[in-house]
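The values are calculated or read from the model by the stated rules, or taken from the named source; none is laboratory data. Owing to the predicted nature of the structure, the values given are computational and were not obtained by experimental measurement. Note that each Cβ is placed from the backbone with ideal geometry, even for glycine, and that neighbours are counted across all protein chains shown. Each accessible area value is taken on the protein alone, full model and side chains, heavy atoms only, with ligands, DNA and RNA left out. Shrake-Rupley method; radii C 1.70, N 1.55, O 1.52, S 1.80 Å.
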Amino acid sequence: MLNRISYQHGPSLTPLIGETIGANFDRVVAAYPERDALVVRGQDVRWSYAELAVRVDRVARALLAIGLQPGDRMGIWAPNCAEWLLIQYASAKAGVILVNINPAYQTSELEYVLNQSGCRALIAARVFKSSDYVEMVREVAPRCEALERTVFLDCGDWEELLAAGDQGLSLPTGLQFDDPINIQYTSGTTGFPKGATLTHHNILNNGFFIGETCRYTPEDRVCIPVPFYHCFGMVLGNLACTTHGACIVIPAPSFEPRATLDAVQDERCTSLYGVPTMFIAELDLPEFDDFDLTSLRTGIMAGSPCPVEVMRNVIERMHMAEVTICYGMTETSPVSTQTSADDDIDHRTSSVGRVHPHVEIKIIDPVSGACVQRDVPGELLTRGYSVMIGYWNDPEQTAEAIDRAGWMHTGDLATMDQDGYVNIVGRSKDMIIRGGENVYPREIEEFLYTHPEIRDVQVVGVPDERYGEEIAALVIAREHGKIDAEAVREFCRGKIAHYKIPRYVISVDEFPMTVTGKIQKFKLRDQAIEWLGLRGAIVDTA
């Protein structure tokens, strides 16, 4: 049997939603106006769907009042907060393409995405953790020709924007569900992030079917400690909730294990999200057993491979008997496969589930392109409504990722068993997954090449018990000798996101190469593991 399958569920298969995000939101609001829609702890926000809708429409009119038009790009650079969610739905109603900017970005990354996407406006927090966003925007804005206006939260800027929404402007009526509405930047193997361009149809339907698999109803209350800038928070979280009339609960601006469990307990949440390291941190709290988590029944674990023991603890100690695992990528909105509440624990830990509704997957021989047999590894490809329309203003890389038949080449190596369960067994690309963050070595290498003392550099992932993988940079100095590791890390701070900064910096004289002159990265990784004494670290490289 060949490794190709599409979702089949007989004549009762639920059809795709043929609406814009705004139209779908309005329909749900009309159905459940008095139900809780959003709770943001720390901001004193507790809005019903009707109250949320009034605020969303006000912000949507404000975006039009400041001169934005359907198709324009607007960036959002902030941690999780009520305003983030307002902007997500308001931009969809105004037809403005929302550009998600990672809160960890530093000046070089911010400047790149603002210019590459052509953002006319930016909505940003003033500060986040150790980052002074106001100062960073002031530094890069003169070099961003399209940027006309920046609105900072938690100050008069935001109130001024809201006031503009009181002008009574009419919202656009001609928006189409195939219109682009979101650009999410992924780390690129070329050294620069790529802007995956997603439509209403892409992310609305993906969120809906994720919620269907989690069996969401208006009775559900979903605790979302994962970031909104990523599909995990924005699609698996917000859109899965609003398509089902469920309540979104934001425990804190960024992940804090104690704040997360407090929110679950106090708000009687029925669902909890996180990457494995988040669940580990929650389970490891000394006072874990003091929390009442009996309201939980489900949730989503995604972002990196799930250890068996962690899943068992989540099911047994956190009462999440129906917890699911998702697999996907930003370019596919993001989920392509998901385990179900009916799957046993073996399938929930040894696989990433089965194909999602209305999605096709196949596993091919990377050389011949032919489908392989069941249980034989090959590259995972996916096709369907969820595949992005392309990388923003980058037709060449779009053509490399999506073939003429519409298949998205994930770059992940996978197997599919006789029952259709998919298992990710490796990566044909060099991506590192550090604590749920996808990191491409080439991006870090390109930056480190600008270091005056580094002649050559290769970046690999090495095992780490906390994050799954950590980043190791193997460097060749311009002058013979070693390069100071801390000096390299200091060179990175403030220029690239903290999770991309190499934990290990190893000076070498040369790299192992093939006879044709290609660097053998797998040998470098093995050498780094040996040199660092990490052979015994527990890690799944899938």
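Listed here are the residues, each with its yes/no results for (1) among the hydroxyl-bearing types (Ser, Thr, Tyr); (2) at pLDDT below 90.
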| position | (1), (2) |
| --- | --- |
| Asp456 | no, yes |
| Arg478 | no, yes |
| Tyr499 | yes, no |
| Val508 | no, no |
| Lys518 | no, yes |
| Phe522 | no, yes |
| Glu530 | no, no |
Worksheet entry | Whichever residue in segment 145-156 is within 28 Å of the chain's Cα centre (by Cα) and outside any loop (DSSP other than H, G, I, E, B) and, among such residues, is surrounded by the most Cβ atoms within 10 Å (Cβ to Cβ) | Val151
Practice prompt. All but one of (1) open to solvent by less than 10 Å² (accessible area, probe 1.4 Å); (2) touching a helix residue (DSSP H, G or I) at 6+ places or on another chain (Cβ under 7 Å); (3) of a type outside the set (Lys, Arg); (4) in contact (Cβ under 8 Å) with a residue 40 or more places away in the chain hold for Val56, so report the exception by its number.
Written response: (4)
Worksheet item: What number of residues within segment 386-413 are among the hydroxyl-bearing types (Ser, Thr, Tyr), modelled with pLDDT of 95 or more and buried (at least 20 other Cβ atoms within 10 Å of the Cβ)?
Response: 2
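Please find, within segment 157-169, the residue that is nearest to Leu204 (Cα to Cα) out of those that are of a type outside the set (A, V, I, L, M, F, W, C) and at pLDDT below 95.
At the first step, the residues of segment 157-169 found to be of a type outside the set (A, V, I, L, M, F, W, C) are 157, 159-160, 165-168.
In the following step, the residues that additionally are at pLDDT below 95 were identified as 165-168.
Working: Gly165: 25, Asp166: 28, Gln167: 29, Gly168: 27 Å.
It comes out as Gly165.
Can you spot a residue in segment 33-45 that is over 28 Å from Val264 (Cβ atoms) and of a type outside the set (Ser, Thr, Tyr)?
Just the residues of segment 33-45 that are over 28 Å from Val264 (Cβ atoms), to begin with: none.
Looking through segment 33-45, none of the residues is over 28 Å from Val264 (Cβ atoms) and of a type outside the set (Ser, Thr, Tyr).
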Worksheet item: Which condition number does Phe288 fail, the rest of (1) modelled with pLDDT under 95; (2) farther than 21 Å from Cys231 by Cα being met?
Response: (1)
Item to complete: Looking only at segment 218-234, count how many residues are closer than 18 Å to Met318 by Cβ, of a type outside the set (D, E, K, R) and not in a strand (DSSP E or B).
Response: 3
Worksheet item: Would you call Arg215 open to solvent by 10 Å² or more (accessible area, probe 1.4 Å), of a type in the set (Lys, Arg) and part of a strand (DSSP E or B)?
Response: no
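Is it true that some residue in segment 366-374 is open to solvent by 60 Å² or more (accessible area, probe 1.4 Å), modelled with pLDDT under 95, touching a Leu at 6+ places or on another chain (Cβ under 7 Å) and outside any strand (DSSP E or B)?
Residues of segment 366-374 open to solvent by 60 Å² or more (accessible area, probe 1.4 Å): 366-368, 373.
With modelled with pLDDT under 95 added as a condition, the list becomes 366-368.
Going one step further and asking which of them are touching a Leu at 6+ places or on another chain (Cβ under 7 Å), we end up with none.
No, every residue in segment 366-374 fails to be open to solvent by 60 Å² or more (accessible area, probe 1.4 Å), modelled with pLDDT under 95, touching a Leu at 6+ places or on another chain (Cβ under 7 Å) and outside any strand (DSSP E or B).
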Practice prompt. Identify, from the list Glu379, Glu446, Glu437, the residue that is open to solvent by 60 Å² or more (accessible area, probe 1.4 Å), among the acidic types (Asp, Glu), modelled with pLDDT under 95 and within 30 Å of Asp526 (Cβ to Cβ).
Written response: Glu446
Worksheet item: Going through segment 158-211 one residue at a time, which ones are part of a helix (DSSP H, G or I), within 27 Å of Leu110 (Cα to Cα) and open to solvent by 30 Å² or more (accessible area, probe 1.4 Å)?
Response: Glu159, Glu160
Worksheet item: Pick from Arg503, Arg489, Arg478: which is touching a Lys or Arg at 6+ places or on another chain (Cβ under 8 Å), free of Cβ contacts under 8 Å to residues at least 60 places away in the same chain and of a type in the set (Lys, Arg)?
Response: Arg478
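Please go through segment 78-109 and give me each residue that is part of a helix (DSSP H, G or I) and in contact with a strand residue (DSSP E or B) (Cβ under 7 Å, 6 or more places away or on another chain), ordered by number.
Let us first name the residues in segment 78-109 that are part of a helix (DSSP H, G or I), namely 82-94, 107-109.
Once the filter is applied, which keeps residues that are part of a helix (DSSP H, G or I) and in contact with a strand residue (DSSP E or B) (Cβ under 7 Å, 6 or more places away or on another chain), segment 78-109 yields Ala82, Trp84, Leu85, Ile87, Gln88, Ser91, Ala92.
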Worksheet item: Going by the structure shown, is Ile454 surrounded by 14 or more Cβ atoms within 10 Å (Cβ to Cβ), hydrophobic (A, V, I, L, M, F, W, C) and more than 22 Å from Tyr185 (Cα to Cα)?
Response: yes
Worksheet item: In segment 69-106, how many residues are at pLDDT below 95 and not hydrophobic (A, V, I, L, M, F, W, C)?
Response: 4
